[in-house]
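Q: One structure coming up, written as structure tokens, with questions to follow.
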């Protein structure tokens with residue numbers, strides 16, 4: 001059965017949209033009120049290209065929330081439980097955002113562009129509205145806006161070679177999560193060594209949406225010598241690698257401790273931040289649930305349309321959030337959010353899938369260790 005989606009002004013197209021259509025995109029999702037490509041014609045080829053070559057992704061839906069002004073640093077620090085003391089200009093940090101009850105509401109990358117200017121490169125939730133409200137309620141002297149910035153990701157083991165050919169040898173010096181402003185034939189960019197994969201790569205933050213087609217075609221032309229091709233944030237690779245997908249892997253009331261972000265929570269900070277008291281309590285008592293890796297039996301499973309209930313001896317203990325079949329393990333794998341007493345490695349599970357029941361086991365993460373080759 002096939003379905004159609006209606007295109008209209010309520011959901012925005014990215015500056016790269018027409019290029020992705022011309023290059024054969026077949027699947028989209030809605031992410032931050034934008035159409036985001038999720039696949040082209042051959043999922044296995046896209047997966048292999050990411051692991052062995054280089055792939056280019058339209059991730060313009062990874063919107064930016066800009067905080068600028070006298071109190072920008074103070075507001076940025078107040079928004080996240082992660083300490084930003086070691087975040088000079090030109091560096092990014094992965095930062096959880098929580099509400100006042102300690103519930104995770106987004107997990108962006110924060111980029112410091114100046115003493116008084118920050119970007120939050122966000123996952124899929126209305127962070128712009130949240131930050132504006134916090135700034136107004138707290139009387140912070142800042143401007144909060146969504147700038148004209150649209151990332152294009154270049155990911156895979158050959159990504160550096162492509163970006164060197166595109167921009168020069170200086171990109172080799174960029175450390176992970178560091179960035180630099182640059183210009184490519186009049187196209188303004190912020191170039192970061194980052195991306196939503198464990199295969200290495202860069203994100204080119206396009207700072208002029210009118211240049212989207214020019215940038216896409218330039219990357220494609222330069223990357224042709226390295227076998228570049230279009231792709232999207234890869235569902236299989238991210239599950240294998242244990243990368244958190246906000247909204248897929250967590251519940252609305254999940255805390256950062258439940259989804260493996262313990263190391264991003266700095267409770268020893270002397271200054272206040274949103275959710276501090278609630279997170280101190282969770283740290284003392286321990287989280288009620290934890291996100292764990294699982295393997296399970298049966299024929300290869302491509303994905304799930306909804307969470308799958310998990311039981312032990314007939315008792316409900318949580319749900320499998322996402323599943324896929326790992327080509328590198330030749331095994332069905334997934335991520336499950338389970339009651340903490342049932343998250344020990346080796347725990348056996350009964351999983352109620354869509355039309356089938358599976359036997360599963362809790363296993364260590366990442367599900368596929370770095371460097372594991374394709375079978």
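Q: Set the Förster distance to 30 Å, then compute FRET efficiency between residue 115 and residue 253 from the Cβ-Cβ distance, nearest 0.05. Write down the numbers at each step before the final one.
A: On the way: r = 36 Å, r/R0 = 1.20.
Plugging the Cβ-Cβ distance into 1/(1 + (r/R0)^6) gives 0.25.
Q: For the stretch 288-375, compute Rh as the Kirkwood radius over C-alpha pairs and then the Stokes-Einstein diffusion coefficient at 37 °C and 0.692 mPa s; write the answer in µm²/s, rounded to an integer.
A: 254
Q: Å³ per residue of the Cα convex hull, for the stretch 1-61? Walk me through the numbers before you get to the answer.
A: Numbers: hull volume 6.0 nm³, N = 61.
Residue-normalised Cα hull volume stands at 98 Å³.
Q: Need one word for the stretch 99-175: rounded, prolate or oblate. Basis is the Cα gyration tensor (sqrt eigenvalues a ≥ b ≥ c); a/c below 1.5 gives rounded, then a/b vs b/c decides. Kindly include the intermediate steps, with their values, before the conclusion.
A: Details: a/c = 2.97, a/b = 2.09, b/c = 1.42.
The shape class here is prolate.
Q: Evaluate the relative contact order of the chain (contact order divided by residue number), counting alpha-carbon pairs under 8 angstrom at least 6 apart; express in whole percent.
A: 16
Q: A further question on this structure: Please identify which residues in the stretch 21-61 have an amide N closer than 15 Å to a label point set 7 Å out from the Cα of residue 224, following the Cα→Cβ vector.
A: Within reach of a label on residue 224: 23.
Q: Shifting gears a bit: Give the separation of the Cα centroids, the stretch 75-153 to the stretch 298-375, in Å.
A: When both Cα centres are located, 33 Å separates them.
Q: Kindly state, to the nearest 0.05, the FRET efficiency for residue 302 paired with residue 175, given R0 = 41 Å and r defined as their beta-carbon distance.
A: Numbers: r = 36 Å, r/R0 = 0.88.
E between residue 302 and residue 175, to the nearest 0.05, is 0.70.
Q: Tell me, what is the percent relative contact order of the stretch 1-93, built from C-alpha pairs under 8 Å that lie six or more residues apart?
A: Values: 68 pairs, mean separation 19.8, N = 93.
In percent, rounded to a whole number, it is 21.
Q: Can you sort 281, 175 by how many other beta carbons sit within 10 Å, fewest first?
A: 175, 281
Q: Sticking with this structure for a sec: If I take R0 = 35 Å and measure r between the Cβ atoms of residue 359 and residue 268 in this structure, what FRET efficiency does the formula 1/(1 + (r/R0)^6) give, to the nearest 0.05? Let's see the in-between values first.
A: Details: r = 43 Å, r/R0 = 1.22.
With R0 = 35 Å, the Cβ-Cβ based efficiency is 0.25.
Q: May I pose another question? How do 110, 129 rank when sorted from fewest to most other Cβ atoms within 10 Å of their own Cβ? Please report the intermediate quantities before stating the final value.
A: On the way: 110 24, 129 11.
With the sparsest Cβ surroundings first, the list reads 129, 110.
Q: Ratio to report: Rg/Rh of the chain, with Cα atoms as the point set and Rh obtained by the Kirkwood method; give two decimals.
A: Working: Rg = 20.9 Å, Rh = 21.7 Å.
Reported Rg/Rh, Kirkwood definition of Rh: 0.96.
Q: In Å, what is the Rg of the alpha-carbon atoms in the stretch 37-143, and how long is Dmax?
A: Looking at the stretch 37-143, its Cα Rg and Dmax stand at 16.6, 51 Å.
Q: Now for a separate question. Among the DSSP beta bridges whose two residues both lie in the chain, what percent are antiparallel, rounded to the nearest 5? Write out the running numbers ahead of the final one.
A: Numbers: 76 of 80 bridges.
Counting DSSP beta bridges with both partners in the chain, the antiparallel share is about 95 percent.
Q: Can I ask one more? Rank the residues 16, 140 as a footprinting-exposure proxy: fewest other Cβ atoms within 10 Å of their Cβ go first. Kindly include the intermediate steps, with their values, before the conclusion.
A: On the way: 16 28, 140 20.
Exposure proxy ranking, most exposed first: 140, 16.
Q: Subtracting the Cα-Cα distance from 0.36 nm times the residue separation, let me have the gained length for residue 143 to residue 101 in nm, one decimal.
A: 12.6 nm
Read-outs: derived from the displayed coordinates by stated rules, not from any lab. The model shown is predicted, which means the values in this text are computed figures rather than measured ones. With ideal geometry, Cβ positions are generated from the backbone for all residues, glycine too; neighbour counts draw on all protein chains shown.
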